[in-house]
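Taking it in order: structure first as structure tokens, then the write-up.
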């Protein structure tokens, strides 16, 4: 079903049940005119937050002053993970008699709106699940507590977790603002029935390669998997690219600034880096040739009819729906979607590694969530301990056993792999890149939200309207101007 | 920032000066607190980096430098102007027609009232209802198009249609109100002028061009100034009825929406203020030019 063209903005990177990250921005649709000034705004936001809190949490009131210091409030957005964390909370309460953990789960869409509103109003939760795209904003707002300076959480070490995870959660000041809780990588999900009928084996899928000139074996494979309404394949004569029934590759919007589940595996394996530094770079590289030629090739697949067009994407028609309904054969997507793909009715799903690129290597983005402690709750021992417990092997193994995500610790990851296996889900395509060290982190810089706001329409313009990739150089210049202005 | 409080007008001691001051005070207080102070503070904030939670930091012209280089800002301005041109163009012509018909054809206040009904619906409700009507797959508007043998049109989700669609939705809502204002202006034209014209053998069309339109000019000018300003501030319909903030590839990212997103979505209050100041400047210039061109302050009557 194609509905309302494109719900621009939405795309997936949450571990969310709903999976849709729509507009990084305005959800409080107040009628506040342009001249409403900040105090009014703060008051407004406050009212919103207050009413949300009372509505959402059964009116336990603002947690700072009124409720006891032995109640810890915790927010997360993924309904699928709620049972795991409820189990953690129970174990935590048993270890700490008298302490109570109150978990609030909100959908991804509302989560960030309510969270920022509550921060402005001073009614934020003690601990919350944090995402790397939002991290810079919270650092800028100065609302997070440095975990390395607090007694209960000072013991958290980078080496406790899968390589690279903890480093992403350090601010420019070197302090740790998030305790790693889980990780995810990108791989290809495919419809086994379709690959079988196209004569493409699992081994072939796991050893594909691409390049920006002719697309390599990867492009050949998705061309073969593309079928038009008369049954002709994309690599057969007479193929009608304007009348495609099954697309080789599913669409997941244009990918904003990171392209996590769209083009990041390709730009990454082309050897391209988002910024000039590993973390907190001061300069983006969207003007580089390796990036632009990759994007040109990638969105060019849509013109050839192999990649589903931009307009086929909407919140209700994500890649999992496209593959599940048989309108696409392959989707690059995150490990958090494994259970969803494998649970699709009538879909015999498989997973494969992302293709090798011009650099001679594969590359998959490895991202992870963390738990952050708010500044207001920093002097609350129970809240500190809860963060430490969430970051511990004990809790992460509990969460891993649910088989929904890969927890950040080794033991937690092992528990998750075992749980996935029990469900008949092969997660090698997600774990092998980590073992092989062919991962790269999610870009983190100042002004992350503004960078996304600039890149989103620019990438959509290339994808949907065929605008030349050279136009991204202008956007990149503006991004770097903004980054040069502030710290 | 100590500008606001010092300006109390008229210090000459006169007999009724105190009384006058008392009468002026409420309006003056409202003006100072709700208009002048926010405006000055907004202008001040446009020179700072401010995120609402940490203190504002003076950055000079940084926000303005960012603005003139920002492709999205210029895109938003272009989209907004496209919207205003379609919205005001269609609305003014339609409202004028309705007003003249109301004046020349009927005296029924029921009919005149019906014209106003869309205005009683809130913008948000109108936006949502039209979102349903115009839905590409399921909307009744597209169903009718389909039944007539046309292809379905993504009125609110495609690059080329979204702004005209939103502009026309707002025409639907505001045309009655605009017509009513123009109608009031027409009522002020003395009936004997028409009578004299009719004696001289003028037809309805000729009377419209030679009498109604020239004598309506001052009212029309004021209505235009008001509606153009209102039109530039389009926000709610776009926010409600188009997908994502700003539609596909920002095709409906009008300026107010971009300002709102910068401030409340990304906490760039300084930058958002700079863009608001730019909008204020644009609107001031347009209003002054309109006022001059249309000689809104003068009348041709008697």
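Let me confirm something: among B:270, B:230, which residue is within 14 Å of chain A (Cβ to nearest Cβ), more than 30 Å from residue A:459 (Cα to Cα) and assigned to a helix (DSSP H, G or I)?
Among B:270, B:230, only B:230 is within 14 Å of chain A (Cβ to nearest Cβ), more than 30 Å from residue A:459 (Cα to Cα) and assigned to a helix (DSSP H, G or I).
From the list B:156, B:131, pick out the single residue that is in contact (Cβ under 8 Å) with a residue 40 or more places away in the chain, surrounded by 22 or more Cβ atoms within 10 Å (Cβ to Cβ) and either at the interface with chain A (Cβ under 10 Å from one of its Cβ atoms) or assigned to a loop (DSSP other than H, G, I, E, B) (or both).
B:156
Residues in segment A:350-408 that are out of contact with any helix residue (DSSP H, G or I) (no Cβ under 7 Å at 6 or more places or on another chain) and at positive phi: how many?
1
Anything in segment A:472-485 that is facing chain B (nearest Cβ under 10 Å) and under 13 Å from residue B:65 (Cα atoms)? List them, or say none.
Scanning segment A:472-485 gives A:477, A:478, A:481, A:482, A:484, A:485.
How many residues, within segment B:79-96, are touching a residue at least 40 places away in the same chain (Cβ under 8 Å) and either surrounded by fewer than 13 Cβ atoms within 10 Å (Cβ to Cβ) or closer than 15 Å to residue B:172 by Cα (or both)?
11
Going by what's in this entry, would residue B:121 be described as within 21 Å of residue B:233 (Cα to Cα), touching a helix residue (DSSP H, G or I) at 6+ places or on another chain (Cβ under 7 Å), surrounded by fewer than 20 Cβ atoms within 10 Å (Cβ to Cβ) and within 14 Å of chain A (Cβ to nearest Cβ)?
When the stated conditions are applied, residue B:121 does not pass them.
Tell me, yes or no, whether segment A:227-247 has at least one residue that is surrounded by fewer than 21 Cβ atoms within 10 Å (Cβ to Cβ), within 25 Å of the chain's Cα centre (by Cα) and modelled with pLDDT under 95.
no
Just for segment B:63-75: of the residues that are in contact (Cβ under 8 Å) with a residue 60 or more places away in the chain and at the interface with chain A (Cβ under 10 Å from one of its Cβ atoms), which one is farthest from residue B:270 (Cα to Cα)?
Ranking the candidates gives B:75 first.
What helices (runs of 4 or more DSSP H), lying completely within segment A:345-449, carry at least 1 residues that are at pLDDT 90 or above, under 17 Å from the mean Cα position of the chain (by Cα) and closer than 26 Å to residue A:195 by Cβ?
A:428-436
Looking at segment A:228-262 only, could you name the residues that are out of contact with any helix residue (DSSP H, G or I) (no Cβ under 9 Å at 6 or more places or on another chain) and on the phi > 0 side of the Ramachandran plot?
Answer for segment A:228-262, where residues must be out of contact with any helix residue (DSSP H, G or I) (no Cβ under 9 Å at 6 or more places or on another chain) and on the phi > 0 side of the Ramachandran plot: A:231, A:238.
If residue B:236 satisfies every condition in (1) within 14 Å of chain A (Cβ to nearest Cβ); (2) out of contact with any helix residue (DSSP H, G or I) (no Cβ under 6 Å at 6 or more places or on another chain) but one, which is the exception?
Residue B:236 satisfies every listed condition except (2).
Any residue at all in segment A:457-471 that is in contact with a helix residue (DSSP H, G or I) (Cβ under 6 Å, 6 or more places away or on another chain), more than 10 Å from chain B (Cβ to nearest Cβ), in contact (Cβ under 8 Å) with a residue 40 or more places away in the chain and assigned to a helix (DSSP H, G or I)?
Checked against the condition, which is being in contact with a helix residue (DSSP H, G or I) (Cβ under 6 Å, 6 or more places away or on another chain), more than 10 Å from chain B (Cβ to nearest Cβ), in contact (Cβ under 8 Å) with a residue 40 or more places away in the chain and assigned to a helix (DSSP H, G or I), segment A:457-471 yields no hits at all.
Which of the following residues is under 30 Å from residue B:51 (Cβ atoms) and either more than 14 Å from chain A (Cβ to nearest Cβ) or not in a helix (DSSP H, G or I) (or both): B:262, B:212, B:252?
From the options B:262, B:212, B:252, the qualifying one is B:252.
Sort through B:235, B:208, B:183, B:269 and tell me the only one that's touching a strand residue (DSSP E or B) at 6+ places or on another chain (Cβ under 9 Å), assigned by TED's automatic domain parsing to the domain that holds residue B:170 and in contact (Cβ under 8 Å) with a residue 24 or more places away in the chain.
Every option except B:269 fails the conditions.
Of all residues in segment A:129-163, how many are closer than 29 Å to residue A:110 by Cα, in a loop (DSSP other than H, G, I, E, B) and under 19 Å from the mean Cα position of the chain (by Cα)?
Number of matching residues: 1.
Would you say residue B:18 is modelled with pLDDT under 95 and either farther than 25 Å from residue A:480 by Cα or in a helix (DSSP H, G or I) (or both)?
It is true that residue B:18 is modelled with pLDDT under 95 and either farther than 25 Å from residue A:480 by Cα or in a helix (DSSP H, G or I) (or both).
Conditions (1) more than 20 Å from the chain's Cα centre (by Cα); (2) assigned to a loop (DSSP other than H, G, I, E, B); (3) modelled with pLDDT of 95 or more, marked per residue:
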| site | (1), (2), (3) |
| --- | --- |
| A:266 | no, no, yes |
| A:296 | yes, no, yes |
| A:317 | no, yes, no |
| A:321 | no, no, no |
| A:330 | no, no, yes |
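If residue A:408 satisfies all but one of (1) out of contact with any strand residue (DSSP E or B) (no Cβ under 7 Å at 6 or more places or on another chain); (2) under 24 Å from residue A:147 (Cβ atoms); (3) touching a residue at least 40 places away in the same chain (Cβ under 8 Å), what's the number of the condition it fails?
(1)
Is one or more of the residues making up segment B:183-197 within 14 Å of another protein chain (Cβ to nearest Cβ), part of a helix (DSSP H, G or I) and more than 19 Å from the chain's Cα centre (by Cα)?
No: segment B:183-197 contains no residue that is within 14 Å of another protein chain (Cβ to nearest Cβ), part of a helix (DSSP H, G or I) and more than 19 Å from the chain's Cα centre (by Cα).
Every residue, every condition in (1) more than 30 Å from residue A:342 (Cα to Cα); (2) not in a loop (DSSP other than H, G, I, E, B), yes or no:
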position	(1), (2)
A:89	no, yes
A:98	yes, no
A:104	no, yes
A:116	yes, yes
A:123	yes, no
A:174	yes, no
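Filter segment B:134-153 for residues that are farther than 18 Å from residue A:310 by Cβ and at the interface with another protein chain (Cβ under 10 Å from one of its Cβ atoms) and give the result.
B:134, B:135, B:138, B:139, listed by residue number.
Which of the residues spanning segment A:445-456 are surrounded by fewer than 24 Cβ atoms within 10 Å (Cβ to Cβ) and more than 7 Å from chain B (Cβ to nearest Cβ)?
Listed by number, the residues that qualify are A:445, A:446, A:447, A:448, A:452, A:455.
The values are calculated or read from the model by the stated rules, or taken from the named source; none is laboratory data. Every value quoted in this text rests on a predicted model; they were computed, and no experiment measured them. We place every Cβ from the backbone using ideal geometry, glycine too, and count neighbours over all the protein chains shown.
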